[in-house]
Amino acid sequence: MTITRPMVAGAVVALAGHGLAVGFTIALATAADGGPNADLDAGGRFAALFFGLLTYGIAQLVLLGSCFALSRRLGRGSSSGLVAGWILGLATSLYYLCGGFGT
């Protein structure tokens, strides 16, 4: 199997979508929680976690739907790149959101 330009383009589009999904999730969870200086008692932590997971799940479903729509439109080469990029991006973003890449 050779790597083609449509495959690379599909992977780049999917990975960029994951970056947007993670950024969108972090921004909305921070805004809904009252900012970085919010008082996070037990209920506040649960609300922030629930809102973050809900936002991330919706963003992933939108991204997956976009990948399917693009793969039908762009052809077979880009669809394998979109799938590979979506899987790699999902694994990377979940690792990041679960505390990976931290200091």
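The values are calculated or read from the model by the stated rules, or taken from the named source; none is laboratory data. Owing to the predicted nature of the structure, the values given are computational and were not obtained by experimental measurement. Using ideal geometry, Cβ is built from the backbone for each residue, glycine included, and neighbour counts are taken over all protein chains shown.
A few points about this structure:
Each row is one residue, and each column tells you yes or no for (1) surrounded by 14 or more Cβ atoms within 10 Å (Cβ to Cβ); (2) within 16 Å of the chain's Cα centre (by Cα); (3) part of a loop (DSSP other than H, G, I, E, B); (4) modelled with pLDDT of 80 or more.
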residue	(1), (2), (3), (4)
Thr2	no, no, yes, no
Ala9	yes, no, no, no
Val22	yes, yes, no, no
Ile26	yes, yes, no, no
Gly34	no, no, yes, no
Asn37	no, no, yes, no
Gly43	no, no, no, no
Gly52	yes, yes, no, no
Gly57	no, yes, no, yes
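- Matching residues in region 63-103 - criterion: being assigned to a helix (DSSP H, G or I) and either over 21 Å from Thr4 (Cα atoms) or touching an Asp or Glu at 6+ places or on another chain (Cβ under 7 Å) (or both): Leu63, Leu64, Gly65, Leu90, Ala91, Thr92, Ser93, Leu94, Tyr95, Tyr96, Leu97
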